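Each remark here refers to the structure printed beneath this line.
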Amino acid sequence: MMVVCSLYVFISFSLGAGIYDQSFREGNDAYYKKDFYTAILKYEKLVESGVEDPVLFYNLANSYYHWGKKGMAIANYERALELNPSFKMAKEQLSKVLNETKRNLAVPEEPMWWKYLFIWHYGISQKWTWRIALFLWVLGWIILGFILWQDKSLRKTLFIGGSLILTVGIIFFMSGVIKILSPPLGVIIVTECSVHITPSDNSPPRFNLYEGDRVQVEREDGEWMLIRTVDNERGWIKDKDIFIWRAPYRTVSQEYLNEKKEMS
Amino acid sequence: MKVKISKNNSFYLYRFVMDFIILFIFIMQVCFSVDSPIQVQVEPSEVGVGESFEVTVIVRGSNVGEPKFEVSDGIQILPDPVYSGMSTEIRMTFGQSQIITTKERRYRGIANKEGEWSIQVSVFVNGTQQESPDVKIKVVPANSATPTNPQTPSLPQKQQKTPFTRRGQTISPGQRSANNAELDKILKVESEVSKKIVFQGEVLTLILRAKILESQNFSLRTTTGNIPDLPEFEGFYVGKIQQNSRRENTTEGMYKIIELVIPICPKSVGTLTINPWVWDNCYVQYSTWGWPETYPIVKNSEPINLEVRPLPPSPENYFGAIGKYTLTSNVSQTEVKVGTPIYLSMTFRGEGYPDFLRPPAKPNLDWAYISDPEVVLVNAETWDNVEKTFRFSITPMKPGDYQIPSIGYDYFNPQLGQYASLRTNAFPLRVIGDALEGNNVITAGGTPRIEAKTVDVANSELLPIITEGVNLKPVGSHKKLIPYVIFIFPPILSILSLGLGFRKEYLKNNPIYRRKIYAYENCIRKYDELRNMGNISVAVEQALKQYIGDIFGVVNTSGLTSDDVEKIINDKRVDRSLKDRILKILKTCERIRYSGAIVSQEENRGLEDGFRALVEELWRVMK
């Protein structure tokens, strides 16, 4: 029975991986043939299937870049960097694309005191934050759990060590939670859009945002989103004008791609 | 107590009340006075027949329509504005927020007839039609008008003309000139380039500089909070922009200097213009008696014309590189088996636009297959320190001693104004093994790989993508559960372990308790030991007494009699039927022991069964 189950799991995983590999290869082939629309479709299909890999987002970003959609390219470079903050090629390419945007608007950041307090957690990806937190958590509890089974002379040291490890683990856990709970970031994907004072078409525009501008989304209200720029300017824009790059990873709609294809 | 107000006092009281009323009326008038929301200006105010002029209309209000002109016959105003602008501000007045939109339109007009003509503008503001006061323009015979600067629809000239007070009043001419002089000092925008005559593709540095006067009395702000947009760099490649800030003390005061250093590279030849850097949408904010007064201010740098010269005719080994480079080359191995690729690397370092640094032609080798090069680019953004490596994989097909020939690479050095040559070394290579048949070679992108997973087909138009080393398994929901499971289990296991540890400690430190806990096991063990010696009644008696002693905490159980046991049980209030059974078994055992009678197997079995049932029941009850 065990053998049959293992075989089933193995075969299903192998077949599944094969499908994704094929889709990825087709995307790469289309990219080299400069059929960026097809490449984007293939890569987006993988994203929709739940594949979360920095390389996939990097390739997708390059495809969007060549297709002329700098906003979407920036979003996907940011995703790649979110999963792997030391992804040099993505970092360089993001910088290049940002320079090609109208304003190269910086990402809205947390206050300085916050950044100094959590200075260590900015260079670690979400995945690694959880891994470190889990490791320390398990290790700390193991040490604490076996205190009473050890010699009395060791107990004090083990208690302090275990507590410290647990504390550090909890700090990493908090860091992961903060990363999840902090307002999502988004990028403008249309050439130009007006930021309104209230979530209404009749509301006068306050200022404009341009493709590639990165903003923080503070609230969503129907088809409107309250955004904040790096200068702490706030206003409402329509959700179709912005793309949120934070996990869970959204995919663009087929309508959007078709519309852009027709336009291009 | 009555207060008698003298005539003199009543005079002061009356005067105080009157002063208060006058002051109140004055304040209310200041606060609620309504100015005309429309401002119209004509520049110049005197033109010649056939000459053009410009009409600027600025309208402020919460809901503002488009202006309509009523003009005299002698002039004509073109319907389409040459400039349209709009800004919105939120104003807090007595705790109420008010959104004020300012629309600005510039129209071009043409003077047709000589005379003095009036222009009136009507606009729907906040649902009601408002009309501006008449603005006069004098049309004189051609060529006799006061010479003025040619009118261009440039943003800066337009907005400098219309400083606002806090309620939208235009400042009087005298005030305005004084303010303009001051406003001129507040912001200075400059631009400069490192060279004005350049070659096509040469990298030059553009510096955009804004000088902002620092003062406690006012501050310069932009509506967006950012520095204004950079000019359009049409016809140029643009590199990484560096922003520097510093302070400079001048005779006019302390200036904050914002400097943008931009590497640019002209794409085409001819005269290319670097557009002015326009600081619009910014205003100077004064604080007078707590009331902010804002003045729009627009400044721009001068446009810069560059003369871009074409490159001279290129040599054979020229592939497009422009700048100043050095070349280092190496091969990964000097001895290799047939069919195994080696890598020939050419690394260029220096200054220049990196995309022009294209790969050289592949050397033509009849004994080996050469792939297109892989490209590794370092410092792509900083054009003054570019490092680009082209890596060819060379797969030998035949054994023998060969030489990888030297590869020439020419580039254009704009500083010298001529081409310069670079050349790789020639590398000897020994190939061992048997010759390969057919196309059985390992090409670039296959194995073995030196370093990255990157496969770039040396197509300068395409960005490199990564084709290997990708984890293409979707993150399943079961995988997402794993961390939660891991988070929950360690504390549970740890607490269990701690509980067991505490129990161990307690048992270790408390022998009576330990005896009670292990009473059943010890009893059965003792019974089994004694039973093996052959006397079951003795085994039952001893085991039962030990059991009673263990569970009731009797220190010495060796000398206990059934009477002693009865006493202990009575003290502990054991159930009557149980007590009877205990005593019955003990007395039976004593009787057998004292009488010395031989007990049959059936009787022994009955005794043993009774003992076991009793001990188990006692254990159950005691638990």
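Points worth noting:
- Scoring B:120-129, B:269-278, B:241-250 by mean Cβ neighbours within 10 Å over their residues and listing the highest first yields B:269-278, B:120-129, B:241-250.
- Subset of A:K115/B:K185; A:K115/B:K256; A:K240/B:K256 violating a 31 Å alpha-carbon distance limit: A:K115/B:K185; A:K240/B:K256
- Farthest toward the positive end of the dipole of chain A, out of A:I119, A:P54, A:I237, is the Cα of A:I119, where the dipole comes from beta carbon charges about the Cα centre.
- Unsatisfied cross-links (Cα-Cα over 25 Å) in the set A:K70/B:K267; A:K34/B:K240; B:K195/B:K324; B:K211/B:K267; A:K238/B:K68; A:K156/A:K179: A:K34/B:K240; B:K211/B:K267; A:K238/B:K68; A:K156/A:K179
- Tensor-based shape of chain A (alpha-carbon gyration tensor, a/c under 1.5 rounded, otherwise prolate or oblate): oblate
- 5 angstrom amide H check on B:E51, placed H, neighbours 5+ away: B:A111
- Estimated FRET transfer efficiency (B:S406, B:E232; beta-carbon r; R0 60 Å; 0.05): 0.85
- Extending 7 Å from the Cα toward the beta-carbon at both A:E220 and A:S153 defines two label points whose distance is 6.1 nm.
- The magnitude of the dipole of chain A, with charges of +1 and -1 set on the Cβ of Lys/Arg and Asp/Glu and taken from the Cα centre, is near 880 debye.
- Per-peptide average of other Cβ atoms within 10 Å, ordering B:522-528, B:592-598 highest first: B:522-528, B:592-598
- The dipole here belongs to the range A:187-263: it is taken about the Cα centre, uses +1 on the Cβ of Lys and Arg and -1 on the Cβ of Asp and Glu, and is about 240 debye.
- Across the range B:491-502, computed HN-Hα scalar couplings (Karplus, 6.51 cos²θ - 1.76 cosθ + 1.60, θ = phi - 60°) run x, 5, 4, 5, 5, 4, 4, 5, x, 5, x, 4 Hz from first to last residue, x flagging Gly and Pro.
- Take every Cα pair under 8 Å whose residues are at least 6 apart in sequence, average their separation, divide by the length of chain A, and the relative contact order is 17 percent.
- Around B:L586: net Lys/Arg minus Asp/Glu count, Cβ-Cβ under 14 Å: +2
- Over the range A:103-239, relative contact order from alpha-carbon pairs under 8 Å, at least 6 apart, %: 25 percent
- Model label sites at A:I142 and B:K584, defined 7 Å from Cα along the beta-carbon direction, differ in position by 5.7 nm.
- Surface per residue (accessible, 1.4 Å probe) for the range A:13-167, Å²: 48 Å²
- Put simply, chains A and B cover up around 4600 Å² of each other's accessible surface, both sides summed, when a 1.4 Å probe is used.
- The lysines within cross-link reach of B:K398, meaning a Cα-to-Cα straight distance under 29 Å and a gap of 8 or more places when in the same chain, are B:K337, B:K362, B:K453.
The values are calculated or read from the model by the stated rules, or taken from the named source; none is laboratory data. In this text the structure is predicted, and so the values were computed from the model without any measurement. Every residue, glycine as well, gets a Cβ built from its backbone with ideal geometry; the counts of neighbours run over all protein chains shown. For the accessible areas, the whole protein counts, side chains as well, though only heavy atoms, and no ligand, DNA or RNA atoms are used. Shrake-Rupley method; radii C 1.70, N 1.55, O 1.52, S 1.80 Å.
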